[in-house]
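A.B. asks: Got a structure for you, questions after.
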Amino acid sequence: MMRIIIAVLVVLFMSGCSEPLKSGVEGMQALKIGEDKRSIVTADGKPFFWLGDTGWLLFVKLTREEIAQYMAIRKEQGFNVVQVMTIHDVNNAVNVYGDSALINKNIAQPLTTEGADYKDSSQYDFWDHVDYAIDEAARHGIYMALVPVWGSNVKGGKVNQEQAGAYAGFLAERYKNKPNIIWLNGGDIKGSDSLDVWKVLGSTLKQKDPAHLMTFHPRGRTSSSEWFHNEPWLDFNMFQSGHKTYAQDTNSNETRHYGEDNWRYVVEDFKGQPAKPTIDGEPSYEHIPYGLHDSLQPRWNDADLRRYAYWSVFAGGFGFTYGNNAVMQFHHKGDKDANFGVREEWKEDIKAPGAMQMVHLRKLMEAYPGTRRPAQDLVVDNTRKQYQYILATRGDKFLLAYTYTGLPVRIDRAKLGWEKIKTRWFNPRTGEFTGWEKSGAADNLFTPIVREEKNGNDWVLVVEPN
């Protein structure tokens with residue numbers, strides 16, 4: 001299988017991961033939908049806040065050693081989900097070792113080595129490499145959200161319904177007993193493109209692997225709810241808020257013109273019945289050009305990613321997926337397949353500011369667990385648009401309000417319903433809280449400790465009954 005045994009053994013030694021650590025794998029549980037139908041929980045009912053990363057080309061670009069390195073860093077940064085393309089290109093489904101995933105470029109015929117697994121270096125194949133990555137993720141408490149085949153392959157006629165059914169059956173049988181699997185049907189594609197293929201893929205996976213959650217990863221500026229909300233295989237919705245600015249969002253063929261207001265997708269998805277959770281599975285990526293394709297455009301930065309994250313979560317999303325231009329394609333300088341004007345090396349940009357700051361959102365939401373619900377009705381005079389709009393969420397014993405530009409937040413105390421309250425501010429850049437302040441019965445306007453009004457001077461107002 002184009003493998004030099006001694007080279008693999010060296011990699012195994014360097015990675016220190018020739019055997020999965022039992023404690024990590026045993027600690028993983030399959031996920032399920034929460035009783036409120038807006039959240040995800042572990043099998044034993046504990047809240048699960050999805051903090052995802054787009055590691056799209058991990059299976060084909062990374063060695064075993066690099067996979068171990070990537071997983072260790074993302075775990076340290078607080079990420080607990082990685083979104084990956086299983087088959088990126090049917091015509092060239094080959095990993096870094098030269099192993100092909102398919103026989104004759106036919107997705108219905110995965111190329112496997114009978115009786116071998118990734119511990120057998122002499123028989124190591126493409127699917128053993130996928131197995132290794134999944135188990136390595138489990139060692140670090142990370143779930144793998146797998147796109148079976150990227151949407152462009154299906155739209156291009158390379159996958160028909162019969163092939164999709166056979167391939168889905170193979171995937172389900174191989175991974176149904178892995179605890180850390182989530183299925184992302186689709187792959188940057190409208191559901192209306194090859195609709196019947198996506199339905200076969202989804203229904204077959206769910207029939208043969210009912211234990212794992214599934215959604216559909218759609219095209220930019222769309223949501224899975226537009227085509228599949230009522231499909232029994234779709235457990236939760238996913239939208240791609242996309243990479244365009246307000247000014248670039250002008251395509252009349254797009255269903256929803258929300259600009260950068262990714263929170264609007266949550267509002268729209270929540271109108272669907274039956275109720276299902278939803279998440280922004282692909283916002284603008286850190287260090288990618290506005291609109292993707294013009295490298296001379298400005299680049300999205302950490303402040304933009306914080307805004308997308310807090311807006312969508314406070315609107316009701318059960319988590320958030322971060323993305324980085326260099327990391328999602330695991331770019332090395334000199335790569336011939338580089339895309340989107342990428343300039344950074346992935347091993348450097350994996351510690352980009354936005355990636356380091358995402359954990360603060362996870363820790364904040366885990367500090368205020370329980371059923372959350374949107375609380376826009378509690379924000380008074382919230383009439384400003386775009387970056388100055390304030391998003392709020394509440395539980396039975398807390399209210400959180402996010403201001404991206406440092407605008408003061410005015411609360412409707414009567415609707416809030418607490419006679420006495422205490423407040424503090426949370427800094428999304430550092431993860432730090434200010435001290436508590438008690439408020440009088442008439443106090444309803446709260447100003448961040450840094451009063452300058454500008455993009456990226458973002459704060460979260462925290463209100464609790466006193």
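A.B. asks: Just to be sure, is residue 414 part of a loop (DSSP other than H, G, I, E, B) and loosely packed, with under 13 Cβ neighbours inside 10 Å?
C.D. replies: Against the criterion (part of a loop (DSSP other than H, G, I, E, B) and loosely packed, with under 13 Cβ neighbours inside 10 Å), residue 414 does not qualify.
A.B. asks: Output the residue which, of all residues in the range 69-97 that are assigned to a helix (DSSP H, G or I) and of a type in the set (S, T, N, Q), is surrounded by the fewest Cβ atoms within 10 Å (Cβ to Cβ).
C.D. replies: Here is the first cut: in the range 69-97, the ones assigned to a helix (DSSP H, G or I) are 69-76, 90-92.
Okay, now just the ones that are also of a type in the set (S, T, N, Q), so 69, 91-92.
Working: 69: 16, 91: 10, 92: 13.
Among those that are assigned to a helix (DSSP H, G or I) and of a type in the set (S, T, N, Q), it is 91.
A.B. asks: Let me ask something additional. May I ask you to list the residues in the range 52-90 that are over 28 Å from residue 100 (Cβ atoms) and of a type in the set (Lys, Arg)?
C.D. replies: Selection gives 75 alone.
A.B. asks: Please tell me if residue 39 is surrounded by 15 or more Cβ atoms within 10 Å (Cβ to Cβ), polar (S, T, N, Q), out of contact with any Cys (no Cβ under 8 Å at 6 or more places or on another chain) and modelled with pLDDT of 95 or more.
C.D. replies: Spelling it out, residue 39 is indeed surrounded by 15 or more Cβ atoms within 10 Å (Cβ to Cβ), polar (S, T, N, Q), out of contact with any Cys (no Cβ under 8 Å at 6 or more places or on another chain) and modelled with pLDDT of 95 or more.
A.B. asks: When the range 362-376 is examined, which residues are found to be more than 28 Å from residue 247 (Cα to Cα) and not in a loop (DSSP other than H, G, I, E, B)?
C.D. replies: Correct list: 362, 363, 364, 365, 366, 367, 373.
A.B. asks: So, in the range 229-246, how many residues would count as being assigned to a loop (DSSP other than H, G, I, E, B), under 14 Å from residue 259 (Cα atoms) and either touching a residue at least 60 places away in the same chain (Cβ under 8 Å) or not β-branched (Val, Ile, Thr) (or both)?
C.D. replies: 5
A.B. asks: Report whether or not residue 223 is farther than 15 Å from residue 151 by Cα and either of a type in the set (Ser, Thr, Tyr) or touching a helix residue (DSSP H, G or I) at 6+ places or on another chain (Cβ under 6 Å) (or both).
C.D. replies: no
A.B. asks: Would you tally the residues in the range 383-406 being surrounded by fewer than 19 Cβ atoms within 10 Å (Cβ to Cβ) and free of Cβ contacts under 8 Å to residues at least 60 places away in the same chain?
C.D. replies: Qualifying residue count for the region: 6.
A.B. asks: Let me ask something else about it. Of the residues that make up the range 354-376, is at least one more than 19 Å from residue 41 (Cβ to Cβ), basic (Lys, Arg) and either touching a helix residue (DSSP H, G or I) at 6+ places or on another chain (Cβ under 9 Å) or buried (at least 19 other Cβ atoms within 10 Å of the Cβ) (or both)?
C.D. replies: Checking the range 354-376: not a single residue is more than 19 Å from residue 41 (Cβ to Cβ), basic (Lys, Arg) and either touching a helix residue (DSSP H, G or I) at 6+ places or on another chain (Cβ under 9 Å) or buried (at least 19 other Cβ atoms within 10 Å of the Cβ) (or both).
A.B. asks: Using the structure shown, decide if residue 131 is more than 14 Å from residue 171 (Cβ to Cβ) and either touching a Gly at 6+ places or on another chain (Cβ under 9 Å) or in the same structural domain as residue 357 (by TED's automatic domain parsing) (or both).
C.D. replies: no
A.B. asks: Additional query: Select from the range 417-457 the residues that are among the aliphatic types (A, V, I, L, M) and at pLDDT 95 or above and write down the one among them that is farthest from residue 403 (Cα to Cα).
C.D. replies: Filtering first and then ranking leaves 421.
A.B. asks: Could I ask something else about it? Counting just the residues of the range 418-433 that are buried (at least 19 other Cβ atoms within 10 Å of the Cβ) and under 26 Å from the mean Cα position of the chain (by Cα), which one comes out nearest to residue 353 (Cα to Cα)? Talk me through it step by step, then tell me what you get.
C.D. replies: Within the range 418-433, the subset buried (at least 19 other Cβ atoms within 10 Å of the Cβ) is 421, 423, 425-426, 428.
From what's left, under 26 Å from the mean Cα position of the chain (by Cα): 426, 428.
Working: 426: 18, 428: 12 Å.
Going through the qualifying residues, I end up with 428.
A.B. asks: Follow-up question, since we're still on this one. Against the definition (farther than 21 Å from residue 83 by Cα and under 22 Å from the mean Cα position of the chain (by Cα)), how does residue 162 come out, yes or no?
C.D. replies: no
A.B. asks: Quick check on this structure: which one of 226, 254, 268 is within 30 Å of residue 90 (Cβ to Cβ), not polar (S, T, N, Q) and not in a loop (DSSP other than H, G, I, E, B)?
C.D. replies: Answer to the check: 226.
The values are calculated or read from the model by the stated rules, or taken from the named source; none is laboratory data. In this text, all values refer to a predicted model and were calculated from it rather than measured experimentally. Cβ coordinates were reconstructed from backbone atoms using ideal geometry, including for glycine residues, and neighbour counts include every protein chain displayed.
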